[in-house]
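In what follows, a single structure is set out as structure tokens and then discussed.
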Amino acid sequence: MSTLLTQLSAAISRRLDQARDEIDQRGDRGDNPVVTVILWVAGIGIAVTIVAALVALGMRASHKVDNVDLGG
């Protein structure tokens, strides 16, 4: 059992070293998932705000047009 744990530990250590080498070679890709989520939430929030403002303006204009007598 202890040899299995030793081998597993060595394998994990080797894989981590390989991953670090690969990161060093490729460099930072620059994509941070937290920033991506923040940008998506902000974008959706802005879109919803714009739609709500347009609906409010449309409702206000609709009420003004409803009171206009077209002489018909």
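Summary table below
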item: Gain in span if fully extended, Ala61 to Arg26, counting 0.36 nm per residue against the direct Cα distance; result: 7.0 nm
item: Contour excess over end-to-end distance, with Cα ends at Trp40 and Ser2 and 0.36 nm allotted per residue; result: 8.9 nm
item: Integer Hz, Karplus 6.51/-1.76/1.60 couplings in order for segment 33-40, x for Gly and Pro; result: x, 5, 5, 4, 5, 4, 5, 5
item: Two-site label geometry, Ile50 and Arg15: point separation in nm, points 7 Å out along Cα→Cβ; result: 4.5 nm
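Readers should treat all values here as calculations from the given coordinates under stated rules, not as data from a laboratory. The structure presented is a predicted model; accordingly, all values stated were derived computationally and were not measured. A quick note on method: Cβ atoms are made from the backbone with ideal geometry, for glycine too, and the neighbour counts reach across all protein chains shown.
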